[in-house]
1. Can you confirm whether ARG123 is at pLDDT below 95, charged (D, E, K, R) and loosely packed, with under 14 Cβ neighbours inside 10 Å?
2. Considering only residues that are closer than 27 Å to ASP82 by Cβ and free of Cβ contacts under 8 Å to residues at least 12 places away in the same chain, look in the range 1-34 and name the one that is surrounded by the most Cβ atoms within 10 Å (Cβ to Cβ).
3. Can you tell me which residues in the range 126-139 are surrounded by fewer than 17 Cβ atoms within 10 Å (Cβ to Cβ), more than 16 Å from PRO57 (Cβ to Cβ) and not small (Gly, Ala, Ser)?
4. For the range 131-156, what are the residues that are closer than 12 Å to GLY97 by Cα and either in contact (Cβ under 8 Å) with a residue 40 or more places away in the chain or in a helix (DSSP H, G or I) (or both)?
5. Can you list the strands (runs of 3 or more DSSP E) lying wholly within the range 1-107 that have 2 or more residues being of a type in the set (Asp, Glu) and over 27 Å from ILE143 (Cα atoms)?
6. Please go through the range 75-105 and give me each residue that is within 19 Å of GLY40 (Cβ to Cβ) and either crowded, with 22+ Cβ neighbours inside 10 Å or basic (Lys, Arg) (or both), ordered by number.
7. State whether one or more residues within the range 95-115 are in contact with a helix residue (DSSP H, G or I) (Cβ under 8 Å, 6 or more places away or on another chain) and of a type in the set (Phe, Trp, Tyr).
8. Checking the structure you have, find out if any residue of the range 113-122 is outside the structural domain of LEU28 (by TED's automatic domain parsing), in contact (Cβ under 8 Å) with a residue 60 or more places away in the chain, of a type outside the set (Val, Ile, Thr) and not in a helix (DSSP H, G or I).
Amino acid sequence: MRHQITLRVNGQSYDIAVENRTRLLDALRDQVGVTGPKEGCGTGDCGACTVLLDGKPVTSCLVLAVSARDKEITTVEGLARDGVLHPVQQAFVERGGLQCGFCTPGMLLSAKALLDENPHPTRGEIRFALAGNLCRCTGYDNIVEAVERAAELLEAERAAAPTF
């Protein structure tokens with residue numbers, strides 16, 4: 001059975017038709033046109049397809065598209081604003097927290113979700129938050145350092161923000 005649904009992705013609405021069994025990952029890639037979420041394992045184990053659903057990281061290969069209607073979906077494409085990298089993205093560049101790039105979108109979104117909830121995480125908390133995102137290239141140390149750097153950049157942004 002096909003359903004007409006609206007997905008709100010990176011602040012923009014998309015009216016699409018999906019089957020009951022259509023995964024959010026497939027709807028995002030095939031109908032919305034965002035390619036940040038990647039098909040890695042298809043079982044929710046690798047984190048390559050991670051997106052934020054109402055601010056929480058989910059593996060989009062395990063979420064049905066119909067269950068995401070009327071929720072805010074953020075993909076890696078929605079992090080940068082007006083050509084300026086989000087602090088998490090900037091920190092990954094600065095600290096070499098990426099190599100091949102396959103896992104990077106999921107890592108970035110998981111890191112953002114962590115820092116939104118906990119602006120000053122410990123190394124252990126960072127590793128725990130990223131445990132669902134597998135990387136075969138970096139060895140994780142640079143990724144953890146990138147998240148620590150992102151916390152610093154976000155703190156500096158908050159300190160510089162005008163208070164009224």
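The values are calculated or read from the model by the stated rules, or taken from the named source; none is laboratory data. Here the structure is a predicted model, which is why all the values come from computation and not from measurement. With ideal geometry, Cβ positions are generated from the backbone for all residues, glycine too; neighbour counts draw on all protein chains shown.
1. no
2. Ranking the candidates gives ARG29 first.
3. Within the range 126-139, ARG136, CYS137 meet the criteria.
4. Passing the criteria: THR138, ASP141, ASN142, ILE143, VAL144, GLU145, ALA146, VAL147, GLU148, ARG149, ALA150.
5. Working: elements: 2-9, 12-19, 50-53, 56-59, 72-74.
The strands (runs of 3 or more DSSP E) meeting that bar are 12-19.
6. THR75, VAL76, PHE92, GLY97, CYS103, THR104, PRO105
7. Looking for residues that are in contact with a helix residue (DSSP H, G or I) (Cβ under 8 Å, 6 or more places away or on another chain) and of a type in the set (Phe, Trp, Tyr), one finds none in the range 95-115, hence no.
8. Within the range 113-122, not a single residue is outside the structural domain of LEU28 (by TED's automatic domain parsing), in contact (Cβ under 8 Å) with a residue 60 or more places away in the chain, of a type outside the set (Val, Ile, Thr) and not in a helix (DSSP H, G or I).
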